[in-house]
Amino acid sequence: MAAAPRAPLPQLLLLVVAALLAALLAAAPIRRAAGAGDFDVRRHLSTVTRYDVARGSNSVNSMPSIPDGCRVIHLNLVARHGTRAPTKKRIKELDRLAIRLEALINEAKQSLKSDSLKKIPSWIKGWESRWKGRTKGGELTSEGEEELYNLATRVKERFQDLFDDEYHPDVYSIRATQVSRASASAVAFGLGLLSGKGKLGPGNNRAFSVLSESRASDICLRFFDSCETYKAYRKRKEPDVQKQKEPILEHVTAALVNRYHLNFTTQDVSSLWFLCKQEASLLNITNQACGLFNEAEVYFLEWTDDLEGFVLKGYGESINYRMGLPLLKDVVQSMEEAIIAKKENHPDGTYEKARLRFAHAETVVPFSCLLGLFLEGSDFEKIQREEALDLPPMPPHGRNWKGSVVAPFAGNNMLVLYQCPGKTSDDSTSEGQNNSYFIQVLHNELPVSMPGCGNKDFCPFEEFKEKIVKPHLKHDYDMICKIKPPVAREEPATFGSKVSGFFTGLFSQKGYRVASAENVKTEL
């Protein structure tokens with residue numbers, strides 16, 4: 001018996017949409033080599049991407065020249081923890097996947113002919129999770145330690161004059177959340193930064209301080225934990241995001257069932273995609289779970305992950321990044337204090353030169369949004385006017401918002417404060433009171449243009465405060481994070497209208513909009 005239609009959409013439209021998506025997903029299988037021009041699935045794992053892979057795939061190669069006479073006087077770092085093991089919840093999901101794959105194989109043996117059984121990848125038969133039996137997870141891996149250690153050595157080499165003072169915790173402040181992978185990342189970075197500057201062990205290491213706030217009250221690095229408005233928004237929005245991902249998952253599932261003759265469900269495919277990301281990122285295995293998908297399917301699955309990050313952590317709603325105001329204020333305050341110290345001629349070693357923070361994707365992503373990074377076209381002006389943004393364009397269209405770039409493992413933003421000689425009335429340079437101060441933002445160690453500063457990557461500090469920081473200051477963390485009284489709810493959109501809205505994006509280069517009926521009605 002034929003299934004009843006799921007929505008009152010015209011049957012012809014459904015057929016056209018299905019045919020279009022199927023055509024987009026029909027691509028050559030993944031090539032395993034990672035040579036020039038070859039597809040490498042490790043570059044398309046959204047926020048599970050390794051840091052070195054993310055940096056290697058960045059198209060920006062040249063470094064802009066810093067004006068003569070300018071020198072670094074302060075550095076702010078906001079970094080995500082390095083590569084980590086699967087969390088306890090995800091380990092359980094992989095255990096369930098192993099049981100499910102075994103059941104699918106047994107089912108296939110009962111119903112398929114030998115020719116069809118040959119299409120089943122051999123690795124699936126008897127597969128067990130690498131993390132089977134583990135009761136804890138989420139810890140920083142050795143690869144994650146190396147990411148932060150190597151980042152520190154590059155930062156120290158790049159800004160040698162800034163890090164030539166004797167270590168003191170008030171001069172080089174290192175802060176982390178109380179989550180172990182973040183604090184371990186801070187330790188790995190500190191070891192790289194201070195290697196050879198002490199007397200401990202053969203590496204001449206030295207002890208250093210890592211400060212952490214309580215998880216319950218850390219509104220600087222874990223503001224998302226204390227923001228009730230955000231938690232309510234996320235709880236309400238997560239089911240909508242899953243519905244927006246469903247058409248992609250359904251078509252990929254249908255393709256895999258046809259390809260391998262196993263009765264996969266969308267949940268199976270979601271878990272297999274997660275397994276692919278873990279194997280490729282943590283184990284450099286790309287010929288098992290990742291090998292199930294062709295290139296086009298990887299692009300679309302990556303987009304679903306990026307969509308989720310955009311809606312729940314990024315520009316999808318202003319509460320996502322406005323709750324990061326305490327961090328932005330802390331960054332600006334540290335730079336203002338450094339400027340005062342220079343103006344008052346404080347000697348080196350008596351004021352803070354670097355504030356180094358280690359946290360999570362939920363910290364780095366909102367902070368990037370507060371700076372206005374990774375926007376499309378005129379989106380910065382829309383944010384200034386507090387207007388909704390379009391979602392990231394779907395493949396095959398390009399997009400700026402990619403989780404592998406915005407927040408890979410160890411992804412980071414560095415705000416570098418420069419002191420530059422000012423101009424006197426006769427246009428000659430002058431030291432002293434005529435000094436001017438500039439900000440350069442480095443994302444994953446590369447300069448990025450700031451829409452708020454006329455797309456410059458070297459922005460006057462006062463302009464940075466006026467154009468980028470000040471518009472956010474009309475909001476207050478306590479006010480935006482308090483649950484507001486309920487408002488009258490609109491009737492939910494029909495499934496048909498949601499599907500129609502989703503697929504509108506397939507015909508538009510700008511993607512589609514989040515359904516306004518689901519948006520927060522009060523100002524967040």
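Cβ separations smaller than 7 Å between residues 6+ apart or across chains give the following pairs from segment 333-352 residues that are closer than 20 Å to TYR167 by Cα to residues that are among the acidic types (Asp, Glu) and assigned to a loop (DSSP other than H, G, I, E, B): SER334/GLU352; GLU337/GLU352; ALA338/GLU352; ASP348/ASP165; GLY349/ASP165; GLY349/GLU166; GLU352/ASP170.
Hey, ILE480 hits all of (1) within 24 Å of PRO326 (Cα to Cα); (2) at pLDDT below 90; (3) of a type outside the set (Phe, Trp, Tyr); (4) buried (at least 16 other Cβ atoms within 10 Å of the Cβ) but one; which does it fall short on? Every condition holds for ILE480 apart from (2).
Return yes or no: is GLU317 touching a residue at least 24 places away in the same chain (Cβ under 8 Å), outside any helix (DSSP H, G or I) and of a type in the set (Asp, Glu)? For GLU317, the condition - touching a residue at least 24 places away in the same chain (Cβ under 8 Å), outside any helix (DSSP H, G or I) and of a type in the set (Asp, Glu) - is met.
Looking at PRO326, PRO366, PRO408, which is the one that is open to solvent by less than 60 Å² (accessible area, probe 1.4 Å), modelled with pLDDT of 95 or more and assigned to a loop (DSSP other than H, G, I, E, B)? Give the steps one after another, and end with the answer.
Values: PRO326 fails: assigned to a loop (DSSP other than H, G, I, E, B); PRO366 fails: assigned to a loop (DSSP other than H, G, I, E, B).
Just a single option satisfies the conditions, and that option is PRO408.
Checking the stated criteria, LYS231 turns out not to satisfy the condition of being basic (Lys, Arg) and open to solvent by less than 20 Å² (accessible area, probe 1.4 Å).
Let's see how each residue does on (1) charged (D, E, K, R); (2) open to solvent by less than 70 Å² (accessible area, probe 1.4 Å); (3) not in a helix (DSSP H, G or I):
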| site | (1), (2), (3) |
| --- | --- |
| TRP123 | no, yes, no |
| GLU146 | yes, no, no |
| THR153 | no, yes, no |
| LYS156 | yes, yes, no |
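Selection of segment 99-121 for residues being β-branched (Val, Ile, Thr) and open to solvent by less than 40 Å² (accessible area, probe 1.4 Å) yields ILE105, ILE120. For segment 88-121, the set of residues classified as within 20 Å of LEU275 (Cβ to Cβ) and not in a helix (DSSP H, G or I) consists of LYS119, ILE120, PRO121, listed by residue number.
Scanning segment 329-363 for residues that are among the small types (Gly, Ala, Ser), part of a strand (DSSP E or B) and closer than 25 Å to GLY403 by Cα yields one hit, ALA359.
Checked against the criterion of being part of a loop (DSSP other than H, G, I, E, B), within 23 Å of the chain's Cα centre (by Cα) and either at negative phi or among the hydroxyl-bearing types (Ser, Thr, Tyr) (or both), segment 224-233 has at least one qualifying residue. Take TRP273 and decide whether it is free of Cβ contacts under 8 Å to residues at least 60 places away in the same chain and under 29 Å from GLU143 (Cβ atoms). Yes: the conditions hold for TRP273.
Taking LEU221, is it modelled with pLDDT of 95 or more, closer than 21 Å to GLY314 by Cα and surrounded by 15 or more Cβ atoms within 10 Å (Cβ to Cβ)? When the stated conditions are applied, LEU221 passes them. Looking at VAL171, is it out of contact with any Gly (no Cβ under 7 Å at 6 or more places or on another chain), over 22 Å from LEU45 (Cα atoms) and modelled with pLDDT of 95 or more? Judged against the criteria, VAL171 is not a match.
Name the single residue, out of those in segment 237-253 being in contact (Cβ under 8 Å) with a residue 40 or more places away in the chain and open to solvent by 30 Å² or more (accessible area, probe 1.4 Å), that is nearest to LYS329 (Cα to Cα). The qualifying residue nearest to LYS329 (Cα to Cα) is GLU238.
Return yes or no: is LEU473 open to solvent by less than 60 Å² (accessible area, probe 1.4 Å) and either within 30 Å of GLY82 (Cβ to Cβ) or modelled with pLDDT under 95 (or both)?
Values: open to solvent by less than 60 Å² (accessible area, probe 1.4 Å): no; either within 30 Å of GLY82 (Cβ to Cβ) or modelled with pLDDT under 95 (or both): yes.
Judged against the criteria, LEU473 is not a match.
Considering (1) assigned to a loop (DSSP other than H, G, I, E, B); (2) within 24 Å of the chain's Cα centre (by Cα), the lone condition that ASP164 does not fulfil carries the number (2).
Given the criteria within 23 Å of PRO392 (Cα to Cα), open to solvent by 50 Å² or more (accessible area, probe 1.4 Å) and in a helix (DSSP H, G or I), does GLU297 qualify?
Working: within 23 Å of PRO392 (Cα to Cα): yes; open to solvent by 50 Å² or more (accessible area, probe 1.4 Å): no; in a helix (DSSP H, G or I): yes.
No.
Out of GLU431, GLU387, GLU381, GLU352, I need the residue that is modelled with pLDDT of 95 or more and among the acidic types (Asp, Glu). Which one?
Numbers: GLU431 fails: modelled with pLDDT of 95 or more; GLU387 fails: modelled with pLDDT of 95 or more; GLU381 fails: modelled with pLDDT of 95 or more.
Among GLU431, GLU387, GLU381, GLU352, only GLU352 is modelled with pLDDT of 95 or more and among the acidic types (Asp, Glu).
Selection of segment 125-140 for residues being surrounded by 15 or more Cβ atoms within 10 Å (Cβ to Cβ) and over 25 Å from PHE409 (Cα atoms) yields only TRP127. ASP426 fulfils the conditions (1) at pLDDT below 95; (2) assigned to a helix (DSSP H, G or I) except for a single criterion, (2).
The values are calculated or read from the model by the stated rules, or taken from the named source; none is laboratory data. What you see is a predicted model, and the numbers here were worked out from it, not measured in a lab. Cβ coordinates were reconstructed from backbone atoms using ideal geometry, including for glycine residues, and neighbour counts include every protein chain displayed. Side chains are part of the model used for accessible areas, which takes the heavy atoms of the whole protein and leaves out ligands, DNA and RNA. Shrake-Rupley method; radii C 1.70, N 1.55, O 1.52, S 1.80 Å.
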